[in-house]
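The values are calculated or read from the model by the stated rules, or taken from the named source; none is laboratory data. On a predicted model such as this, the values are computed, not experimentally measured, just so you know. Note that each Cβ is placed from the backbone with ideal geometry, even for glycine, and that neighbours are counted across all protein chains shown. What goes into the accessible areas is simple: the full protein's heavy atoms, side chains included, and nothing from ligands, DNA or RNA. Shrake-Rupley method; radii C 1.70, N 1.55, O 1.52, S 1.80 Å.
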Amino acid sequence: MKVDFLEIGKVEDKELEFAVICASFQGKWIYVKHKQRDTWEIPGGRREIGEDITVTANRELYEETGAIEFTVEPVCDYFVIKNEEKSYGRLFYAIVTKLGELPNSEIGEVKLFDDLPKEMTYPEIQPILFERILKEAKAMNVDRLNIILEMLFQEMNGLTDEDRDLPILWNVMHMYSSLQIAKLLAMRRGINFELAAITAALHDIAVIKTKKTKNHAENAEKYIREVITSFNESNKGKMIFINQEEEDMIIRAVINHSNKGEYSNDSFIELLKDVDSLDRYLHGVKTDGEYLVRCKKTLRELGIAEFMI
């Protein structure tokens, strides 16, 4: 048996028979178990006649996991040669933010894993697909982030501290260090690290715009939409943009990040709360209460809790 990969576009669309979706949820990988099997597999399935392959991916992810809020991105095409027969499929990466009830289907169980399960249905194929996803996730594609940072820095460069609750220098320091922590923590949790970094970069945008810290999370939506609209308009025709679903995810995380004692199932909200808590601690800001709880939890997750004072 042979499994190999191809760039999207190298295979005729009509040749694509399968969609396989490596999906992460709350920092873990989603695997499913067929009702008639005792082994685990990555969500996916066969394309229906006349169906767009991306529609196949969205349909299969919902039918096999119950995912109701998610983003799906194509990664590459692949082929499998077995017994001299060759079949093609497309590999997708999905970030799931909400799981619902499992639909009535051939799937009997859904489970979250930190890595590959030991017992897999297709041990000669799916581990190879999973490794490709991990490789892609590690690729540092941060074009959108860098453009947004340039936009923000150009605006902040001419600002003064007059009438500000916090020095503008603090906003710059906090923005840059938070987004780097966000990247690392997102990689650890299987979350889109560029989107996490953009969220961290924008999380105090209302403080920058209004000069005040009071209700800065709740007041951020207007300013985030302005930044993203400007970004998308200035990059028209360049195949680089932030879509509506991503914009909503960023805003949802930012407007909910201040209450550190409240926990949710939204991976982006939780990541931003953890990042904000840890960054202030690393800058030497007095950290107690729920901020400290989150710092300790995050450092344990990263395997460096012993450095917590």
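Assorted remarks:
- Test: residue in the stretch 183-201 that is over 14 Å from the mean Cα position of the chain (by Cα), of a type in the set (A, V, I, L, M) and assigned to a helix (DSSP H, G or I): yes
- Condition broken by Glu85, with the remaining ones in (1) at pLDDT 90 or above; (2) in contact with a Phe, Trp or Tyr (Cβ under 9 Å, 6 or more places away or on another chain); (3) under 28 Å from Leu6 (Cα atoms) satisfied: (2)
- So Leu282, is it open to solvent by 60 Å² or more (accessible area, probe 1.4 Å) and of a type in the set (A, V, I, L, M): yes
- Ser105 meets each of the listed conditions (1) more than 30 Å from Glu270 (Cβ to Cβ); (2) free of Cβ contacts under 8 Å to residues at least 60 places away in the same chain; (3) not in a helix (DSSP H, G or I) apart from (1).
- Any chance Glu136 is open to solvent by 50 Å² or more (accessible area, probe 1.4 Å) and either under 14 Å from the mean Cα position of the chain (by Cα) or in contact (Cβ under 8 Å) with a residue 60 or more places away in the chain (or both): yes
- Among (1) modelled with pLDDT under 95; (2) among the aliphatic types (A, V, I, L, M); (3) not in a helix (DSSP H, G or I), the one test that Ile147 misses: (3)
- For Val172, the criteria (1) buried (at least 18 other Cβ atoms within 10 Å of the Cβ); (2) not in a loop (DSSP other than H, G, I, E, B) hold in every case but one, which is (1).
- Cβ-Cβ under 7 Å pairs, at least 6 apart or on other chains, the stretch 199-216 side in contact (Cβ under 8 Å) with a residue 40 or more places away in the chain, far side in a helix (DSSP H, G or I) and of a type in the set (D, E, K, R): His203/Asp276
- Taking the stretch 220-309 as the region of interest, the helices (runs of 4 or more DSSP H) fully inside it that hold 3 or more residues being closer than 23 Å to Arg189 by Cβ and under 23 Å from the mean Cα position of the chain (by Cα) are 244-255, 267-282, 289-301.
- In the set Thr121, Thr71, only one residue is within 20 Å of the chain's Cα centre (by Cα) and either surrounded by fewer than 19 Cβ atoms within 10 Å (Cβ to Cβ) or more than 20 Å from Phe18 (Cα to Cα) (or both); that residue is Thr71.
- Among the residues listed as Thr39, Thr71, Thr65, the single one being of a type in the set (Ser, Thr, Tyr), farther than 25 Å from Met1 by Cα and at pLDDT 95 or above: Thr65
- Qualifying position, being among the polar types (S, T, N, Q) and under 15 Å from His203 (Cα atoms), among Asn171, Asn192, Asn157: Asn171
- Residue selected from the stretch 37-68 under the condition under 20 Å from the mean Cα position of the chain (by Cα) and part of a strand (DSSP E or B), by the criterion farthest from Phe130 (Cα to Cα): Ile68
- Meets criteria (surrounded by fewer than 16 Cβ atoms within 10 Å (Cβ to Cβ) and hydrophobic (A, V, I, L, M, F, W, C)) for Phe92: no
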